[in-house]
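The values are calculated or read from the model by the stated rules, or taken from the named source; none is laboratory data. Given the structure is predicted, the values throughout are model-derived calculations rather than measurements. Please note: Cβ atoms are built from the backbone with ideal geometry, for glycine as well, and neighbour counts cover all protein chains shown. Remember, those area values only see protein heavy atoms, side chains included, never the ligands or the DNA or RNA. Shrake-Rupley method; radii C 1.70, N 1.55, O 1.52, S 1.80 Å.
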Amino acid sequence: MKQAKDYVGKEVRIGAWVTNKRSSGKIAFIQLRDGDYYFQGIVVKNDVGEEVFQIAKSLTQETSIFVDGVVQEDTRSALGYELLVKNIEVVGESHDYPITPKEHGTEFLMDHRHLWLRSTKQHAIMKIRNEIIRATYEFFNKEGFLKIDPPILTSSSPEGTTELFHTKYFDEDAFLTQSGQLYMEAGAMAFGKVFSFGPTFRAEKSKTRRHLIEFWMIEPEMAFTSQDESLVVQENYVSYLVQSVLDNCGDYLDTLGRDKEVLKKYTQLPYDRISYDDAIQLLQDNGFEDIQWGDDFGSPHETFIANQSEKPVFILNYPKAIKPFYMKNHPEREDVVLCADLIAPEGYGEIIGGSERIYDYEQMRSQIEKFGLSLEDYQWYLDLSRYGSVPHSGFGLGLERTVTWITGTEHIREAIPFPRLLNRIYP
Ligand code: 4AD
Ligand code: MG
């Protein structure tokens, strides 16, 4: 793709929007954005004539224009280039644009999310989100994974039955998918190594800065793979994401004020591993009296554990009772399963959940019954342990949690274009 530097000294025509403007006597500076870049246009009255200069002076915020001009270097601007304007043609006027350069409250901005996306900060976050998606496909393609797509409408509920969005499927009941995992297991048995990338839904009544109702998940699944081997794929993948953002989104990290030196540490492998047992002990030894063996971690617990390391940290082998039905037992322990959550540093919480899966038919069947799931609905899934089953492992990385962490954004609502939150489905 051609960049601004390839056009220095040349005349170009750009479709753009006005973000700001100031003029003094015979010169006007218009701040522009073309969707990709934010840059400045300089309009000199003696150069363009009275008519064009008047148009420049009357431009209002978010008016769309075609602008003709010559690209020139400008070392003072963030981009390094500016446009010496020759002509301006107004395309669509904009009056009383609601988001002005002054401060606005979060609810106001969320109500205007469709416009808020135009601002430099949101632009930078979406560019980094896009880079993470791009690097995901690159990583898994390089590693020989096949991308396959699980359904969105399903009759199964891998992550428990309490957080499902119900819908009608003609005369039958259906849910919006919580996770594509079970279908990805079928995929792994067909294609060896697979990954998915798609929307998932949780009717979670959680109103935190880490929870969305609709979020996007990357779910790899690998045949003939142990949990330990899966952890290596996970850390390689996460480190690859961070490195890709560092390599390709440096300017966006600057826009967001994200410290690159901190991010560089997150590319150093391996990540630390701590068992659930040791994590509980560590918390209790450090004054967390509220937590007992068997409890799930809350966000202060995760943050404390993560703060012991300068990188993401894996918490291994959680109690069976707080994890889903499909996780394989620890070979020497009845009470814990072969799983891990990857906790991001700096209080961003869990970004990956993964495990080794049960592959013994009788055991899987009994788990399905024990969890009160319908054997009839899960016949297809049971077929996977009936016909040539093999040890297999997989994981799910939450895209928005990862974007929030890498961009250093406080709240997950800014990591997705149109967030669905407990109290929000508009716009
Ligand atoms: O830990 P979870 O629930 O794991 C699964 O769904 C497995 N079936 C994945 C697998 O093994 N294939 O979710 C995985 C990740 C979490 O670590 C978190 O990053 C993200 O999905 N996540 C959410 N992100 C935003 N909002 C929510 N409500 C989320 N719930 C989970
Ligand atoms: Mg989890």
Residue count, the range 1-28 (criterion: more than 19 Å from Lys127 (Cα to Cα), in a strand (DSSP E or B) and open to solvent by 40 Å² or more (accessible area, probe 1.4 Å))
9
Some residue of the range 255-275 being within 16 Å of ligand 1 (Cβ to nearest atom), assigned to a helix (DSSP H, G or I) and either open to solvent by less than 40 Å² (accessible area, probe 1.4 Å) or within 20 Å of Phe139 (Cβ to Cβ) (or both)
no
Flagged pairs (Cβ under 6 angstrom, 6 or more apart or on separate chains; first in the range 267-282, under 17 Å from Gly354 (Cβ atoms); second open to solvent by 30 Å² or more (accessible area, probe 1.4 Å) and among the polar types (S, T, N, Q)) are Ser275/Asn317; Tyr276/Asn317
Checking the structure you have, find out if any residue of the range 124-139 is without any contact (Cβ under 8 Å) to a residue 12 or more places away in the chain and either basic (Lys, Arg) or open to solvent by less than 30 Å² (accessible area, probe 1.4 Å) (or both).
no
Positions within the range 301-343 being open to solvent by less than 10 Å² (accessible area, probe 1.4 Å), part of a helix (DSSP H, G or I) and under 22 Å from Leu399 (Cβ atoms), in sequence order
Ala306
Restricting the range 148-191 to residues that are surrounded by 14 or more Cβ atoms within 10 Å (Cβ to Cβ) and hydroxyl-bearing (Ser, Thr, Tyr), the one farthest from the chain's Cα centre (by Cα) turns out to be Ser155
The lone exception for Phe197 - which of (1) out of contact with any Ser or Thr (no Cβ under 7 Å at 6 or more places or on another chain); (2) away from ligand 2 (no atom under 16 Å from the Cβ); (3) open to solvent by 30 Å² or more (accessible area, probe 1.4 Å) it fails
(1)
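Would you mind stating whether Tyr348 is within 16 Å of ligand 1 (Cβ to nearest atom) and of a type outside the set (Val, Ile, Thr)? Steps first, answer last, please.
Values: within 16 Å of ligand 1 (Cβ to nearest atom): yes; of a type outside the set (Val, Ile, Thr): yes.
Yes; evaluated as a whole, the condition is true for this residue.
To keep it simple, each residue is scored yes or no on (1) within 16 Å of ligand 2 (Cβ to nearest atom); (2) part of a loop (DSSP other than H, G, I, E, B); (3) charged (D, E, K, R); (4) closer than 15 Å to Ala223 by Cα.
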| residue | (1), (2), (3), (4) |
| --- | --- |
| Gly354 | yes, no, no, yes |
| Gly372 | no, yes, no, no |
| Asp377 | no, yes, yes, no |
| Leu384 | no, no, no, yes |
| Thr402 | yes, no, no, no |
| Pro417 | no, yes, no, no |
Kindly indicate whether any position in the range 73-96 is touching a residue at least 60 places away in the same chain (Cβ under 8 Å), basic (Lys, Arg), open to solvent by 40 Å² or more (accessible area, probe 1.4 Å) and assigned by TED's automatic domain parsing to the domain that holds Arg202.
no
